[in-house]
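Read the figures in this text as sums done on the coordinates, not as results from a lab. Just so we're clear, the structure is a prediction, and the values are computed from it rather than from any experiment. Heads up, the Cβs are rebuilt from the backbone with ideal geometry, glycines too, and the neighbour counts pull from every protein chain shown.
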Amino acid sequence: MDQPYAPVASLWAAQAPPKTPASCLETAIEVDVAIVGGGYSGLSAAHYLVERRVRPVVLEARTVGWGASGRNGGVVSAKFRVPYSTIAREHDLDMARLMHRLSHEAVDRVESLIDQWGIDAADFQRAGNLSCAHNDRSLARITADAQWQAQALGDRHLDVLSAARVAEETGSKAFVGGVLAGDVGRLRPLAYAQGLAAGLQCLGNDLLFENSPVTWIERTGAGVVLHTPAGSVRAKQVILASNGYSAITPATDHLKRSVVPFRSAIIATEPLPAGLDEKLLANNRSYGETRRMMRWFRKVDNRFIFGGRGAFGREDSNAAFNALQKAMVQLFPDLAGVAIDYRWSGHVAMTLDKFPHVGRVDDRTCCCLGYNGAGVALSTLLGRHAGAFALGEQPNVGLLAADRLKQIPFYPLRELGIRSVAGWYQLLDAVGL
């Protein structure tokens, strides 16, 4: 587990505009719904509840965006780790259509909140995402899936690009083609989280508390009481939105057995020279490759940002960052010799079925978690749905229903399992399978 109160020296933190810190909870209060976790899910849930004229409170153990919401790559995607064609084959076409609709609603929800609260610092743009195929087998797979989505789901936003087009787009000759999703986008993740928090604070100065870890949750005759080191919250319902950081406090400790926190690392270069900046990632989209141990990349303020999974251990390691830089230079030789200004990492919460989940845990508790590396949009949407569940509603979330969430078998051996799976994926990538 990360050290709970260690600062995150990321590019996003360096760029973040000044913010008004929320108070620490130091008294006893009473609300309708208490939310544990001040990331996208928790903040989105709170906004939805306020819209419904229900009084929430968000309790964040550290500061808003300290976890995954402030450390991710800022890719606003409309997909799951399981392709829609696979969903149709394993379930039915109606389920694939529902899941496709939910994923696109998630992107719309992000855009709506940004517009509503004027979060200009998030720099959200629907610039598209280009999936770059690293070999012919991968290109055939993503091409077939794009064609299936167009025919079966009516999705007209996917374009198959040739190797020449991808080279022109990226400035790299390492790819054999790709698929461009034109209706998705990217943003600055910490600024988005802090903008959601600022909007909530505008609605009331007692809706959000930072540095207020929930140490335990007590069931009472009429609801629950959430205890923090200096205060307490009495509520009718509670939403657990701690995701891959559920092991920080005992109150959410039981959720940690439903996700595997997989460390993802990111590096950001110094500002690129003008000529190189114009050559690489010329259309300023977000980009990813098709290897199982996926790498992704984008530019921000003339800096090249490169991220990927496979950074093992409980804390940042020089070896992981050096390996990431080596992979970056292999794909983009022009970056050899360019200095790295920022290096950071965080937890991606993986689930057994590769889907996030939202819904009821019991009669007084709801949860939303497990975004599997595609959480900017999905966590925003599932936070909204968690709020609906807390109000007693039953939104149709298909395969994302909480009763489908399974605990990780042999959980104490998870780190060994992560290394084994990652090693197997790296071998398959190396041999081109």
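What the table below lists for this structure:
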| quantity | calculated |
| --- | --- |
| Charge dipole (debye, nearest 20) of the chain; +1 at Cβ of Lys and Arg, -1 at Cβ of Asp and Glu | 780 |
| Beta bridges by DSSP in the chain, antiparallel share as percent, to the nearest 5 | 70 |
| Relative contact order, percent, the chain [alpha-carbon distance under 8 Å, six or more residues apart] | 23 |
| Helix 136-148 axis, angle to the chain major axis (alpha carbon atoms, nearest 10°) | 60 |
| ³J(HN,Hα), Karplus 6.51/-1.76/1.60, whole Hz, each residue of the range 160-173, x for Gly, Pro | 8, 10, 6, 4, 5, 5, 5, 4, 5, 5, 9, x, 10, 9 |
| Check: the range 27-85 dipole with +1 on Lys, Arg Cβ and -1 on Asp, Glu Cβ, in debye | 260 |
| Flagged links, alpha-carbon separation over 32 Å, of Lys19/Lys256; Lys279/Lys354; Lys79/Lys406 | Lys279/Lys354 |
| Cα long-axis angle, helix 318-331 against the chain (0 to 90 degrees, to the nearest 10) | 40 |
| DSSP loop trypsin sites (Lys or Arg not before Pro) with at most 10 other Cβ within 10 Å: longest gap in the chain | 157-433 |
| Potential extension, Asn205-Thr86 segment - 0.36 nm per residue separation minus Cα distance | 38.3 nm |
| The chain: angle of helix 375-390 to the longest principal axis, Cα-based, in degrees nearest 10 | 30 |
| Estimated dipole of the range 1-156 in Debye, rounded to 20 [Cβ of Lys and Arg +1, of Asp and Glu -1, Cα centre] | 280 |
| Chymotrypsin sites (Phe, Trp or Tyr not before Pro) restricted to DSSP loop in the range 1-91 with at most 14 other C-beta within 10 Å | Tyr5 |
| Under 17 Å from the Cα of Lys326 - aspartates and glutamates, other chains or at least 8 residues apart | Glu270, Glu289, Asp316, Asp334, Asp341, Asp429 |
| With at most 15 other Cβ atoms within 10 Å, longest stretch of the chain clear of loop GluC sites (Glu not before Pro) (DSSP) | 27-314 |
| Amide H partners (placed H, <5 Å) of Val358, local residues excluded | Ala401, Ala402 |
